[in-house]
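Laboratory data are not the source of any read-out in this text; all were calculated from the coordinates shown. The shown structure was predicted, so the numbers you read here are calculated from the model rather than taken from an experiment. So basically every Cβ, Gly included, is an ideal-geometry build from the backbone, and we count neighbours across all protein chains shown.
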Amino acid sequence: MFQRVNRLLIDLPQVEYGDANAASAVQELLGGKFGEMSTLNNYMYQSFNFRGKKKLKPFYDLVASITAEEFGHVELVATTINLLSKDTTFSGNPNLAPMMNAKNMRNTQSFIASAQTALPVDSMGKPWNGEYVFTSGNLVLDLLHNFFLECGARTHKMRVYEMTDHPTAREMIGYLLVRGGTHVVAYAKALEMATGVDVTRMLPIPSLDNHVFDHARKYEERGYGNVLFTWNYVGDYQDINKIWKGTHPTTNAPLIVEEGTPKGAKMPDLDELPEEFAPGIGPEEFQMIAKRLMFNM
């Protein structure tokens, strides 16, 4: 089972201006074939379906613990999209067409279907698809797929980074470039343990160091690329240290396993959008709700 913590993985800058078209591009990192919905569901179903969990526990622990982190990645990308999706519309009389500018945005569906928030779709509005999940049951084949998936995800992050200079989007992408790179190395080391083949010699893919990206550099310097978390405080998943050991193949920094989760940051509170009827609770309705919530306490 999973435990949820009301914290965001990092502190995202909340600037005064948005960029709805940048939000559309970032959607690829959420609901695209190589987006966080895919990494989450691939690892989640592989962990559910894993055969020989006791015999091959270090490999199971690796896939299971990364699964937990991917939930946070989905949340982080979705929150970024939500913070980018502002300043296109305004609050006003419906007859003034306060959402007129939305029709000129790339993703008009987000204005109509989700009140300017994230959806499990790609940058063109195509829904995320369960066919993106690969769970063959063969350990080496699944690890090889996961290595490929993380390399593809890294490529897409780099490209979206180059598409927008919005501080919120770049902060998120910089962080995920580092954490995604960590997962690339993790699966490469797992493949080496399983087959004897040193896949890390292929890294990085693409051949561009994370330090080149301004918003990724600080996370590399803080050691975010050298640590894996167990996402558990009762001793489960600690056998990842049988795979995640030694030094990083590109930085030579020591690899660390930390029990539990990162500290995280405060979760942003999204502004109300009266023109979208979201959340659609006025002052008088809120007072009545408050009274009902407090009744018989």
With only helices counted (DSSP H, runs n ≥ 4, each -39500 (n - 2.57)), the per-residue ellipticity at 222 nm for the chain, to the nearest 500, works out to -14500 deg cm²/dmol
Relative contact order, percent, the range 206-297 [alpha-carbon distance under 8 Å, six or more residues apart]: 21 percent
For the range 2-73 and the range 136-190, compute the distance between their C-alpha centroids and round to whole Å. 10 Å
Highest GNM mean-square fluctuation among A78, A169, A102, for the chain with Cα springs under 10 Å, belongs to A102
Residue by residue through the range 217-226, what is 3J(HN,Hα) from phi via Karplus (6.51 cos²θ - 1.76 cosθ + 1.60, θ = phi - 60°)? Round to whole Hz and write x for glycine and proline. 4, 5, 6, 5, 5, 7, x, 5, x, 10
Amide H proximity to A278 below 5 Å, modelled H, separation 5+ or other chain, gives L273
Using r as the Cβ-Cβ distance of A113 and D214, and R0 as 35 Å, what FRET efficiency do you calculate, to the nearest 0.05? 0.55
Given the options G260, G130, G18, state which has the largest fluctuation in a GNM of the chain using a 10 Å cut-off (strictly under) for Cα springs. G130
For K242, counting only lysines whose alpha-carbon sits under 16 Å away and dropping same-chain residues fewer than eight positions off, the answer is K53, K54, K55, K57, K189
Work out which chymotrypsin sites (Phe, Trp or Tyr not before Pro) in the chain are exposed loop sites (DSSP not H, G, I, E or B, at most 14 other Cβ within 10 Å) and give the longest gap free of them. 91-232
Gap separating the Cα centres of the range 224-280 and the range 109-123, nearest whole Å: 26 Å
Do any trypsin sites (Lys or Arg not before Pro) in the range 231-297 lie in a DSSP loop with no more than 13 other beta carbon atoms within 10 Å, and if so, which? K245, K263, K266
Taking other Cβ within 10 Å of each residue's Cβ, how do R222, R106 sort, fewest first? R222, R106
Listed residues E259, E131, E171; largest mean-square fluctuation, Gaussian network over the chain with Cα springs below 10 Å, found at E131
Throw me the Rg/Rh for the chain, computed over C-alpha atoms with Kirkwood Rh, two decimals. 1.02
Counting pairs of alpha carbon atoms under 8 Å apart in space and at least six apart in sequence, what relative contact order in percent does the chain give? 24 percent
Compute the whole-percent fraction of alpha carbon pairs in the range 146-297 spaced more than 28 Å apart. 39 percent
By the Cα gyration tensor axes a ≥ b ≥ c (a/c under 1.5 gives rounded; else a/b larger than b/c gives prolate, otherwise oblate), the shape of the range 17-98 is prolate
Can you give the extra length, in nm with one decimal, that the chain gains between V140 and E259 once fully stretched, where that is 0.36 nm per residue apart less the Cα-Cα distance? 40.2 nm
